[in-house]
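Let me begin by presenting the structure, written as structure tokens, before commenting on it.
Throughout, read-outs are computed from the coordinates displayed, never taken from laboratory work. All figures in this text were calculated on a predicted structure; none of them were measured in a lab. With ideal geometry, Cβ positions are generated from the backbone for all residues, glycine too; neighbour counts draw on all protein chains shown.
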Amino acid sequence: MGTLKSRQRRGKSQIKIDGQQRVFWQAVLKIFESPFRRNDMTDDNLDILQNLEFSVVEIWRGHPEMSDYAALRAYEAAFQIYRAELRGHAPKPPGLTGLDAEAFEAVKAMCEFRLGRKPCSVPGLEDMPPVSLQVLVDCLRELGRSVERHTRADGRQGYLTFIDQFLP
């Protein structure tokens, strides 16, 4: 392995590592990094996340050829629209087609319900309290990250297969 050099700078010790050591430590971090880790945001908003995931899984169950990419595009398009609204900007139309558009419309309908703007077509969810726009945007961001993690770990339908086991 290469050399390790330590130097003092403004009272802080800095360690310089060469390319070989950097590659080694990146590999070590990858081993200990779980693609399925949870965080406080996930635990606090589990009902919202599951509602949004349910809307995507319903489309997937009707179209088994759907990939994680369509789910990701739907979450990202909804994220862009609601983030623009949160910032006071006019949202751009998503320009999606096919399954991407169908998944997006399902996600958007669930978002509108969770914001308290429209009624829900799913029985049993009628009495859910509305959430803030900021919470919804955070949930959409987290779902996009989840799709990326599960796709990377388990392939083109890894995310859809994973969430399907937890939803009715």
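Return E76, E58 ranked ascending by Cβ neighbour count within 10 Å, so the fewest neighbours appear first. Don't skip to the end; give the middle numbers.
Working: E76 20, E58 15.
Result, fewest neighbours first: E58, E76.
List the chymotrypsin sites (Phe, Trp or Tyr not before Pro) in the range 96-168 that DSSP assigns to loop (not H, G, I, E or B) and whose Cβ has at most 11 other Cβ atoms within 10 Å. Which are they? Kindly include the intermediate steps, with their values, before the conclusion.
Working: sites: F104, F113, Y159, F162, F166; in loops: F166.
Here the chymotrypsin sites (Phe, Trp or Tyr not before Pro) that fit, given the DSSP loop and packing criteria, are F166.
Taking other Cβ within 10 Å of each residue's Cβ, how do K92, K108, K118 sort, fewest first? Kindly include the intermediate steps, with their values, before the conclusion.
On the way: K92 10, K108 18, K118 13.
In increasing order of surrounding Cβ atoms, one gets K92, K118, K108.
Please label the shape of the range 40-164 as rounded, prolate or oblate, based on the square roots a ≥ b ≥ c of the eigenvalues of the alpha-carbon gyration tensor (a/c under 1.5 means rounded; beyond that, a/b larger than b/c means prolate, else oblate). Don't skip to the end; give the middle numbers.
Details: a/c = 1.40, a/b = 1.28, b/c = 1.09.
Judged from the Cα gyration tensor, the range 40-164 comes out rounded (a/c under 1.5).
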